[in-house]
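Notes for the one structure printed next.
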């Protein structure tokens, strides 16, 4: 099964994301930013749920008939909502209220590459020093990995680290930058730069959630890279006999991680 098909099927079967609530009434002209976001989010949630239901139906019918996965499974209805988010971001241009709409674009875009690129550029030009930029930073990984926006994303993170005066934002930028550096690492120098970012988090903040994120990423660098000793695993084999991974040290072992999602 191809990766695009697998990704589509996982999306179809994954639990619906939690979004804020909205009123069923049409938006008024002077609708505040929070209400506008709630309306956008709930509308998006409903559209995705409806799409998932219909797509799953068509996938099952295609499988039963021995036919290819239908095109609907590859095309969630994101375009309308990304366009609306762009309009709302423009309405609050230069204000912190725009950040949630720009984040929505980075988080939920499917094929809207230009919208993601513009959202990242706007975050960089208008909001890099804002105390509210932190909510957008964890979702920049999607912009970089899915849409190839490496240069603008890293430039934005550099700007936040160097010029933002809010410790939580700087810490989150370091976590995101360190994680992205690790995912794209091609040398020991790249991994060293990622490690430096993540270790610096502990010097900047005492926030437990941020420290936990940095710790998890550091564990990957220090214990899960090629050449590292694998963490020991204790379990039972298919015959119910206790075993440990370390029992096989010195031998070639293939680990197959799988499950039902």
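The values are calculated or read from the model by the stated rules, or taken from the named source; none is laboratory data. In this text, all values refer to a predicted model and were calculated from it rather than measured experimentally. Cβ: placed from backbone, ideal geometry, glycine included. Neighbour counts: every protein chain shown.
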**OP:** Kindly indicate the residue of segment 185-212 that is touching a helix residue (DSSP H, G or I) at 6+ places or on another chain (Cβ under 7 Å) and part of a loop (DSSP other than H, G, I, E, B) and also surrounded by the most Cβ atoms within 10 Å (Cβ to Cβ) among those meeting that condition.
**Re:** 205
**OP:** State which residue pairs qualify: first residue at positive phi and inside segment 75-100, second residue part of a helix (DSSP H, G or I) in any location, beta carbons under 8 Å apart, and separation of 6 or more residues or different chains.
**Re:** 94/126
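Listed here are the residues, each with its yes/no results for (1) more than 30 Å from residue 172 (Cβ to Cβ); (2) modelled with pLDDT of 85 or more; (3) in contact with a helix residue (DSSP H, G or I) (Cβ under 9 Å, 6 or more places away or on another chain).
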| position | (1), (2), (3) |
| --- | --- |
| 215 | no, yes, yes |
| 225 | no, no, yes |
| 229 | yes, no, yes |
| 238 | yes, no, no |
| 251 | yes, yes, no |
| 257 | no, no, no |
| 261 | no, no, yes |
Subject >> Every residue from segment 159-175 that is farther than 15 Å from residue 215 by Cβ and assigned to a helix (DSSP H, G or I) >> reply: 159, 160, 161, 162, 163, 167, 168, 169, 170, 173
**OP:** Would you please list the contacts, defined by Cβ atoms under 6 Å and residues six or more apart or on different chains, that run from a residue in segment 246-261 that is closer than 15 Å to residue 233 by Cα to a residue that is modelled with pLDDT under 85 and part of a loop (DSSP other than H, G, I, E, B)?
**Re:** 246/232
Original post:
With 110, 114 as the choices, which residue is in a helix (DSSP H, G or I) and either closer than 23 Å to residue 176 by Cβ or touching a strand residue (DSSP E or B) at 6+ places or on another chain (Cβ under 9 Å) (or both)?
Top reply: 114
Original post:
Is there any pair linking a residue in segment 35-55 that is within 12 Å of residue 88 (Cβ to Cβ) to one that is outside any helix (DSSP H, G or I), with Cβ under 6 Å and at least six apart or on different chains, and which?
Top reply: 38/20; 38/21; 38/22; 39/22; 39/27; 41/19; 41/20
**OP:** Could you please find all residues in segment 39-57 being buried (at least 16 other Cβ atoms within 10 Å of the Cβ) and either modelled with pLDDT under 90 or in contact with a helix residue (DSSP H, G or I) (Cβ under 8 Å, 6 or more places away or on another chain) (or both)?
**Re:** 40, 41, 43, 44, 51, 52, 55
Original post:
In the set 98, 73, which member is surrounded by 20 or more Cβ atoms within 10 Å (Cβ to Cβ), outside any loop (DSSP other than H, G, I, E, B) and at pLDDT below 95?
Top reply: 73
